[in-house]
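Okay, so here's the structure we're looking at.
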Amino acid sequence: MDEELRGLLVERINQVCQELAEKGSFLIDDAANQVIAELRAQNPRNWTQIRDHFAVRGVTRYIHKVVEQAKAADPAQATLPGLESMPLLVTSEGAAILSQQLIYDAYQTEWKRLERKINSYKYKRRKPENLEHDIQRLAEMKQFDPRFAQYSEKDPDIPLWKAKEMELKELSAQSNGPVRQRKRKK
């Protein structure tokens with residue numbers, strides 16, 4: 001919201017609150033409804049911009065809550081076997097990405113962020129409930145890191161899910177190695 005609209009809103013809020021306070025105590029909802037009604041009546045275009053600004057802020061806050069819920073570990077994350085404790089989504093600098101879409105550099109960044117988070121549990125402000133899960137996730141990430149690094153050397157844009165798929169193919173090829181034939185006795 002630009003400064004002109006912000007100033008208009010703040011000025012109208014101050015005026016309404018002063019008017020209502022002179023009459024005695026008042027409900028905040030009543031003041032808000034009066035401000036909205038007056039702004040809507042005086043200049044519908046300005047009111048639309050102000051309303052849209054606050055709607056975007058509210059929806060953005062709600063998206064953050066939903067993303068936080070989605071970041072909880074998904075034990076059924078079959079697309080990342082061996083990395084089941086990875087959250088469905090990871091966030092960084094205001095952006096959210098599916099874990100399975102991480103490229104190696106972002107995977108390394110997430111790994112370092114997780115290490116810092118684990119180190120921060122020694123401070124009293126951190127709740128220890130998630131420490132065990134975070135340690136497990138870090139161990140899984142460290143275990144897969146050498147393979148992911150190897151795959152990303154060949155293709156720097158390879159996503160995590162594709163690297164896991166390649167690993168599974170390699171492991172199944174190793175376990176299904178060449179079949180040895182027994183010598184028959186004559």
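The values are calculated or read from the model by the stated rules, or taken from the named source; none is laboratory data. Everything quoted here is computed from the prediction, not taken from an experiment. So basically every Cβ, Gly included, is an ideal-geometry build from the backbone, and we count neighbours across all protein chains shown. When the accessible area is computed, the model is the full protein with side chains, heavy atoms only, and any ligands, DNA or RNA have been set aside. Shrake-Rupley method; radii C 1.70, N 1.55, O 1.52, S 1.80 Å.
Step by step: first the residues of segment 25-62, then only those that are over 15 Å from L5 (Cα atoms) and surrounded by 12 or more Cβ atoms within 10 Å (Cβ to Cβ), then the one that is modelled with the lowest pLDDT. Which residue is that?
The residue in question is F26.
Could you give every pair whose Cβ atoms fall below 8 Å, whose first residue belongs to segment 109-133 and is at negative phi and without any contact (Cβ under 8 Å) to a residue 60 or more places away in the chain, and whose second residue is open to solvent by 60 Å² or more (accessible area, probe 1.4 Å) and of a type in the set (S, T, N, Q), counting only separations of at least 6 or pairs across chains?
Close Cβ pairs satisfying both conditions: T109/S92; E110/S92; R113/S92.
Among D105, D134, which is the only one that is surrounded by 16 or more Cβ atoms within 10 Å (Cβ to Cβ), assigned to a helix (DSSP H, G or I) and modelled with pLDDT of 70 or more?
Among D105, D134, only D134 is surrounded by 16 or more Cβ atoms within 10 Å (Cβ to Cβ), assigned to a helix (DSSP H, G or I) and modelled with pLDDT of 70 or more.
I need every pair where a residue in segment 5-16 that is touching a residue at least 60 places away in the same chain (Cβ under 8 Å) and assigned to a helix (DSSP H, G or I) has its Cβ under 6 Å from the Cβ of a residue that is open to solvent by 70 Å² or more (accessible area, probe 1.4 Å) and among the aliphatic types (A, V, I, L, M), sequence separation at least 6 or different chains.
Final answer for the pair search is none.
Just the residues that are within 14 Å of S85 (Cβ to Cβ) and basic (K, R), please, taken from segment 115-138.
K117, R137
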